[in-house]
Amino acid sequence: MANSLFREVPRQVVRVALPVPIDSLFDYAVPADLAHAAEPGRRARVTFSKRVLTGVIAERVEPPADPAAARNLAVLEAVVDAEPVLSTQMMETLREAAEAVVCPIGVAFATATPSGSAPRATRGLALTPRGRQALRSGAARGEAHALLEALADGPATPARLRRVLPEAETWLRSLERDGLIAGETLLRGPAARPAVERWVRARTDLDVEAVCGGELARARAQAELLRRIDAAGELPVATLRAQHARATETVRALERRGLVEVFERPAERNVLGPPVPRDTPPTLNDDQRSALDPICAAVREERHESFLLHGVTGSGKTEVYLHAMAEALARGRQALVLVPEITLTHQIVARLRARFGDGLAVLHSGLRPGERLEPWHRLRAGDTPIATGARSALFAPLERLGIIVIDEEHDGAYKNEEGFRYHARDLAALLAKRAGCPLVLGSATPALESRYAADTGALRRLVLPRRIAGRPLPAVEIVDLARERERAPRGRKIILSRPLRRALAETLDEGGQAILFLNRRGFSTQIFCFECGTAERCKDCDVALVFHATENRLRCHYCDFSKPPPALCAGCGAPDTALLGIGTERVVEEVRSAFPTARVARLDRDTTRRRGHTEKVLRELREGRVDVLVGTQIVAKGHDFPGVRLVGVVAADLALHLPDFRAAERTFQLLTQVAGRAGRDSTPGKVVVQTFVPEHYAVSPVRDHDYEGFYAEELAHRASLGYPPFGRLAQVMLAGANEAETRAAAAAIADAVRAAGLAGLEVLGPAPAALPRLRGRHRVQILLKARDAATALAAARAARARAVRLPRGVQASVDVNPVSML
């Protein structure tokens, strides 16, 4: 740490949580001019190990009793916030949650603070006295002189210096080595900037008609615009731009002449979209009312209770949420609604706005920093009663929380897979308990752990067994692809089986819409040589490259490496290569070939990278302007499209054989969820599921929408193997550039955990991970299998304690209660 800036004993000391991989708080002396501002929950800038970091003040403490130790404390350099960004309640919750997942407290606090709202520290370079002397004397010549001259007016980042000289990196190292320049921390403004709008007005002392008849006599466009601006007094530039194609250039020309003033005003960002008509709450059916009553009772009594709302697809779970939220809002409390995917926020936002108006805040990582920060401030001020978004919306500053809803609670996206590895379900339970409010977990296919918790009394299960208005669940046909292949001509790739083609033709002929689901993007999964068996693979990951026809490139879906497809096999030089496997692009091509008049759209991670594309496609599907939507799991979750009569699952067993004990559960959930998109209006729906394993216990129950049958069989498998919910897991994943070094580090961690002598613990591994090489790094995993949560946590702590002493090139992560085993 840096030395103290003053030598007297400090009167005030604070403990700061820093975003470093050390589970500790760090003491800093508070200078007198910051004493009033240094309160818990605010962020502060400090120097830590020669780096400038921003952390959160966690608590005030007494100065050390030893005066020498007190004088040697590093000093708080600045307090970033005018008000706390984390409440006392949120900090207490985060401490408990971080401890449960073996996460350093500073990392947890950093995850919870509003992104992009703090000043950013970056590495810069500055002239030393010796460098200034070299510049004055002319001792430096050529490239060195150009770089020193670029720093004469002040420090600069290496990126800025590269604009002066593209090959600057080598010269900068040399100049730094010679003592002519030195590193310096530069502070930049927050990434989140207030929204502003540019306005224009005519100069107040201007005789507009005289100018238009004189100086602007030959500039008629400028004269016309000047008269317009003067008549209005002042106008937004955007308004002028919407009415005149060259308004921006004309305004600039008037500004250069000194005839108008352009200025900025604060503007509100609209992330909600166009206005939504208000709806009238429908009358609930008996099943919905029975589910709602106990939730509302908990709201009224300001009592924490966790509910599992288990309702089949289309049973009206969202309406139960809305009625329960209305009860909380009527009592002056706030509501938080989580959805698993950013793509689902558009639908829930529309429902919330229709019921409650525009008093809601949308929070998720798909928004720009400023778009997230403005609603965050409104929530903290108490001006907005509802927050919604993906899992990070849990950190919304809601001081009067009255209800938390987690829709599609079974979804794996609710687990944060890096840094602070919290699960939204667990963190929400802690928040709801502290707030004294109910937590509602909703799903048609509850996570096995959630359903088991309901069976054992930890959750209260509320059931919606029927679709609303007596609508039937869709009929499901399971197609055996092995038999289809036997009937097909030799060598023909089956993408759409005969039953699926027939159902698709009938649906389109009747004016209905269809969704085709395949959880694999791209055109084909690999390029394979028939002569030698070589498949084109990623140079940095142990996976095959996927061919994307739209860009004519092979691409890695893990590290994004790409290259053109080869003309010849890289292994033997043969020209006879084939595209094996299929992706969403290939399905689109097949549908367009079979049904040339159908309007086909695609939704997968490749298409959703374009801002606004997802909302556009979903809106077109809802409005009947898309006949067939081909997509990955994005289309399977929670959407309500009344016109969709057919759902086709192109390959049901893609994820079934992954090395993950949850593979069967995920397959059943995904098939049931995507099947639930069909027949959600008065017209019955149909589902066609293509699979090579029609009798598998994760596939066959989909035919009858039989969650209970699947649950019973999967629960028996878990019990026999001691997997959750009958045991607890922690996973240690190591990654390093050197394979032998990584394996040795993993062995050292495994030995340390075994040496802890924990009863009821099984240490499996070290072993290569399911993806043994990723982004150029070798991966080794250790699985800690315990009979209870306390033992798993103790084992995870032992692993983490040993992981801090690894070779520099090896990193380890510890995941308590992992969701993905890959």
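Read through the list (1) within 29 Å of Ser682 (Cβ to Cβ); (2) touching a residue at least 40 places away in the same chain (Cβ under 8 Å), then give the number of the only condition that Ser306 fails.
Going through (1) within 29 Å of Ser682 (Cβ to Cβ); (2) touching a residue at least 40 places away in the same chain (Cβ under 8 Å) one by one, Ser306 breaks only (1).
Name the pairs: first residue in region 278-289 and closer than 10 Å to Leu464 by Cβ and surrounded by fewer than 10 Cβ atoms within 10 Å (Cβ to Cβ), second residue at pLDDT below 95 and among the basic types (Lys, Arg), Cβ to Cβ under 8 Å, at least 6 apart or on different chains?
none
For region 325-345, name all the residues that are among the hydrophobic types (A, V, I, L, M, F, W, C) and either over 19 Å from Leu464 (Cβ atoms) or in contact with a Gly (Cβ under 9 Å, 6 or more places away or on another chain) (or both).
Once the filter is applied, which keeps residues that are among the hydrophobic types (A, V, I, L, M, F, W, C) and either over 19 Å from Leu464 (Cβ atoms) or in contact with a Gly (Cβ under 9 Å, 6 or more places away or on another chain) (or both), region 325-345 yields Met325, Ala328, Leu329, Ala330, Ala335, Leu336, Val337, Leu338, Val339, Ile342, Leu344.
Sort out which residues of region 804-821 are assigned to a loop (DSSP other than H, G, I, E, B), of a type in the set (A, V, I, L, M) and within 16 Å of Pro21 (Cβ to Cβ), and write them in order of number.
Within region 804-821, Val804, Leu806 meet the criteria.
Would you confirm, using the coordinates I've provided, whether Leu175 is open to solvent by 20 Å² or more (accessible area, probe 1.4 Å), over 30 Å from Leu259 (Cα atoms) and of a type outside the set (Lys, Arg)?
Judged against the criteria, Leu175 is not a match.
Taking region 421-448 as the search range and keeping residues that are among the charged types (D, E, K, R) and crowded, with 19+ Cβ neighbours inside 10 Å, which one is farthest from Ala110 (Cα to Cα)?
By that ranking, first place goes to Arg425.
Which number in (1) more than 21 Å from Ser820 (Cα to Cα); (2) open to solvent by 10 Å² or more (accessible area, probe 1.4 Å); (3) aliphatic (A, V, I, L, M) marks the one condition that Val617 misses?
All conditions pass for Val617, except number (2).
What helices (runs of 4 or more DSSP H) lie completely within region 582-668 and have 1 or more residues being within 25 Å of Pro684 (Cβ to Cβ) and in contact with a strand residue (DSSP E or B) (Cβ under 7 Å, 6 or more places away or on another chain)?
In region 582-668, 584-594, 613-622 are the helices (runs of 4 or more DSSP H) which contain 1 or more residues that are within 25 Å of Pro684 (Cβ to Cβ) and in contact with a strand residue (DSSP E or B) (Cβ under 7 Å, 6 or more places away or on another chain).
Here is a check on your reading of the model: is Glu268 in a loop (DSSP other than H, G, I, E, B) and under 26 Å from the mean Cα position of the chain (by Cα)?
yes
Taking only pairs six or more apart or across chains, which ones have beta-carbon atoms under 9 Å, a first residue in region 32-57 that is farther than 20 Å from Val107 by Cβ, and a second residue that is buried (at least 18 other Cβ atoms within 10 Å of the Cβ) and of a type in the set (Gly, Ala, Ser)?
Leu34/Ala44; Ala37/Ala44; Ala38/Ala44
Could you name every one of the strands (runs of 3 or more DSSP E) located completely within region 398-511 that has at least 1 residues being farther than 27 Å from Thr667 by Cβ and not small (Gly, Ala, Ser)?
401-407, 439-443, 460-464
Exactly one of (1) outside any loop (DSSP other than H, G, I, E, B); (2) out of contact with any Leu (no Cβ under 6 Å at 6 or more places or on another chain); (3) touching a residue at least 60 places away in the same chain (Cβ under 8 Å) is unmet by Ile22. Its number?
(1)
Any idea which of Leu764, Leu729 is closer than 27 Å to Tyr558 by Cβ, of a type outside the set (S, T, N, Q), open to solvent by less than 20 Å² (accessible area, probe 1.4 Å) and not in a loop (DSSP other than H, G, I, E, B)?
Leu729
Considering only residues of region 96-108 that are aliphatic (A, V, I, L, M) and outside any loop (DSSP other than H, G, I, E, B), which is surrounded by the fewest Cβ atoms within 10 Å (Cβ to Cβ)?
Ala100
Could you grab me the full set of residues in region 376-420 that are open to solvent by 40 Å² or more (accessible area, probe 1.4 Å) and under 16 Å from the mean Cα position of the chain (by Cα)?
The answer is Arg391, Ser392, Glu417, Glu418, Gly419.
With respect to Ala792, determine if the residue is crowded, with 17+ Cβ neighbours inside 10 Å and modelled with pLDDT of 95 or more.
Yes.
Per-residue answers, yes or no, for (1) assigned to a loop (DSSP other than H, G, I, E, B); (2) exposed (fewer than 15 other Cβ atoms within 10 Å of the Cβ); (3) in contact with a strand residue (DSSP E or B) (Cβ under 9 Å, 6 or more places away or on another chain):
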position	(1), (2), (3)
Ala110	no, no, yes
Ala118	yes, no, yes
Ala121	no, no, yes
Leu125	no, no, yes
Gly131	no, no, yes
Arg136	no, yes, no
Ala139	yes, yes, no
Ala144	no, no, no
Leu147	no, no, yes
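For region 231-249, which positions are in a helix (DSSP H, G or I), open to solvent by less than 80 Å² (accessible area, probe 1.4 Å) and closer than 13 Å to Ala202 by Cα?
Matches in region 231-249: Ala232, Val237.
Given the conditions (1) at pLDDT 95 or above; (2) part of a loop (DSSP other than H, G, I, E, B); (3) not aliphatic (A, V, I, L, M), report the number of the one that Thr93 does not fulfil.
Status for Thr93: all satisfied but (2).
Taking the residues in region 352-375 that are at pLDDT 95 or above and open to solvent by 20 Å² or more (accessible area, probe 1.4 Å) as candidates, determine which candidate is farthest from Gly41 (Cα to Cα).
Arg355
Could you please let me know if Val251 is in contact (Cβ under 8 Å) with a residue 60 or more places away in the chain and in contact with a helix residue (DSSP H, G or I) (Cβ under 7 Å, 6 or more places away or on another chain)?
So Val251 does not fit the description; no.
The values are calculated or read from the model by the stated rules, or taken from the named source; none is laboratory data. Note that this is a predicted model, so its numbers are computed, not measured. Quick reminder, even Gly has a Cβ in these numbers, built from the backbone with ideal geometry, and neighbours come from all protein chains shown. Accessible surface is based on the protein model in full, side chains and every heavy atom, while ligands, DNA and RNA are left aside. Shrake-Rupley method; radii C 1.70, N 1.55, O 1.52, S 1.80 Å.
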